[in-house]
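Just so it is clear, none of the values below were taken in a lab; they were calculated from the coordinates. Keep in mind the model is a prediction, meaning the values are calculated, not measured. Reconstructed Cβ throughout: ideal geometry from the backbone, glycine too, with neighbour counts over all protein chains shown.
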Amino acid sequence: MKILIENIKTIVGANPRPQEKLSGKEMSTLPCIHNAWLSTENGLISGMGEMKDGLPAKAGFDKVIDASGKFVFPSWCDSHTHIVYAGSREGEFVDRIKGLSYEEIARNGGGILNSAERLNKTSEDELFDSAMHRLNEITSYGTGAVEIKSGYGLSVEGELKMLRVIKKLKAHSPLTIKANFLGAHAMPTKYKQNRQEYIDLIINEMLPVIAKEKLADYCDVFCDRGFYTVEETDAILQAGLKYGLQPKIHANELDYSGGIQVGVKNNALSVDHLEFTGDAEIDCLLKSKTMPTLLPSTAFFLGLHYPPARKMIDASLPIALATDYNPGSSPSGKMAFILSLACVKMKMLPEEAINAATVNSAYAMGLSKTHGTITVGKKANLFITQPIPSYSFIPYSFGSDLIETTIINGKLV
Ligand code: NIG
Ligand code: FE
């Protein structure tokens, strides 16, 4: 299919020579083309330019779209989600309103263990259907690439079931999907007195099958107070690396857990959450290629303090943004709301937030060569807004649905 979009008010993130990631001051630069046209062919962006310089003949296209007054954005890249799950957890939401904390709920067998109990009782087909529904939902919000974690199985069968569902989603959804193995998401109750037994199960029973069936691209651990220690995280990440799974982990959501350091030590592609990030963590990240990824809707939903995004960017770090879409700590996959939170609560500029949710979050999924900017030769994953006055209007008008048309792999969806 060949599509021509003409009279575009502004193409955002139109970068002819994109860097693989943007750090510090670079994050506030957002290349744009005004009064523009863009074409797609065979699933890729095939051309773009200013209207005044002339555009290709319309006769050669299957579809011509008039985007007068509208903006074209590269699709959001959501580099951290848990969208394969069973049931919902609004009971815990109400418990938190009444005063219980996320950690207290987890210690009482709720939280991740609650989702694991339900997931183990749910069939692969049901999990596939509900996750597919969520993928369609986030597609309508403008997301074009997504990372999905396991981690609600917490048993050999449960974890493999989740990863097989993700593999099937990859085959059936037009979105670009990366799978992350999170067997070490929580400690199942029956192993609480013998943690090593469960860790051995991850290393000796789960990882070999995952590698053999090519079920995961990355390996994750929830390295935090009350979850996995630094030593346990290190052992699991090194086992994953032996099977070619690069780390991409949960760290420092609940405390200065050492998670950032152990992630960097193991060459993690990203370390995610980072509510507890101080000078030592910033120094450690500055010496690495690891992408710090912030999930502000989790801080919003759990009432945590927000990660120090401003301090991190001012220290020359890159930042990626993602939704953490999951039933416990962030039951929403709406990237535009993440941008609003990033701007309002973490004082990121709209340009920084847009770059964090596109180029840098593409990097956090190993997709910078193909996703995250509007560049000839990259995947034609983009969306067209309703008529809006500026790109800052997206984070400004929080909660609004401003996307009119979504194109994935060069096809209208
Ligand atoms: O990213 N922090 C750990 N894991 C998830 C929460 C999962 C859950 O509560 O179900 C997160 O916030
Ligand atoms: Fe998460």
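Using the Cα centre of the chain as the reference point, and only Cβ charges (+1 on K/R, -1 on D/E), how large is the resulting charge dipole? Debye, rounded to the nearest 20.
Working: 43 positive and 46 negative charges, 162 e Å.
Result for the chain is approximately 780 debye, rounded to the nearest 20.
What is the sum of charges around Asn355, taking Lys and Arg as +1, Asp and Glu as -1, for the other residues whose C-beta is under 14 Å from the C-beta of Asn355? It would help to have the intermediate numbers written out before the result.
Details: positive: Lys21, Lys25; negative: Glu20, Glu26, Glu351, Glu352.
In short, -2.
What is the distance in Å between the Cα centres of region 140-218 and region 304-349?
24
Using helices alone, what [θ] at 222 nm do you get for the chain, with -39,500 (n - 2.57) per DSSP H run of 4 or more residues, divided over all residues and rounded to the nearest 500? Walk me through the numbers before you get to the answer.
Details: 16 runs with 139 residues, N = 413.
Estimated from H runs of four or more residues: -9500 deg cm²/dmol.
Say the cut-off is 31 Å between C-alpha atoms; which of Lys167/Lys265; Lys149/Lys369; Lys287/Lys411; Lys149/Lys347; Lys161/Lys345; Lys58/Lys149 go over it? All intermediate terms of the calculation are to be shown ahead of the outcome.
Values: Lys167/Lys265 29 Å; Lys149/Lys369 22 Å; Lys287/Lys411 40 Å; Lys149/Lys347 29 Å; Lys161/Lys345 37 Å; Lys58/Lys149 43 Å.
Table pairs above 31 Å Cα-Cα are Lys287/Lys411; Lys161/Lys345; Lys58/Lys149.
Please give the peptides 228-238, 399-409 ranked by average Cβ packing (other Cβ atoms within 10 Å per residue), highest first, as a rough proxy for protection.
On the way: 228-238: 20.2, 399-409: 17.0.
In decreasing order of mean packing, 228-238, 399-409 become 228-238, 399-409.
Would you mind getting me the FRET efficiency between Asp200 and Ser173? Use the beta-carbon distance for r and R0 = 35 Å, nearest 0.05.
On the way: r = 34 Å, r/R0 = 0.97.
Result of the calculation: an efficiency of 0.55.
If each residue of separation counts as 0.36 nm, what is the full-extension length gain between Lys289 and Glu26 once their alpha-carbon separation is subtracted? Intermediate results must be reported in sequence, preceding the final value.
Details: separation 263, 0.36 × 263 = 94.68 nm, distance 1.58 nm.
Full-extension gain reported as 93.1 nm.
Can you pull out the GluC sites (Glu not before Pro) in region 168-218 whose DSSP state is coil and whose Cβ has at most 13 other Cβ atoms within 10 Å? Intermediate values should be presented prior to the final figure.
Details: sites: Glu197, Glu205, Glu213; in loops: Glu213.
Filter output for region 168-218: Glu213.
In the chain, if the dipole is taken from +1 on Lys/Arg beta carbons and -1 on Asp/Glu beta carbons about the Cα centre, which of Tyr363, Leu127, Gly54 is farthest to the positive end?
Towards the positive end, the residue furthest out is Gly54.
Under a crude label model (7 Å from the Cα following the beta-carbon direction), how far is Ala280 from Lys214 in nanometres?
4.2
Please identify the longest segment of the chain free of exposed trypsin sites (Lys or Arg not before Pro), where exposed means a DSSP state other than H, G, I, E or B and no more than 12 other Cβ atoms within 10 Å. Display every interim value, and only then the final one.
On the way: sites that count: Lys98, Lys121, Lys192, Lys214, Lys287.
Longest stretch, sites excluded: 288-413.
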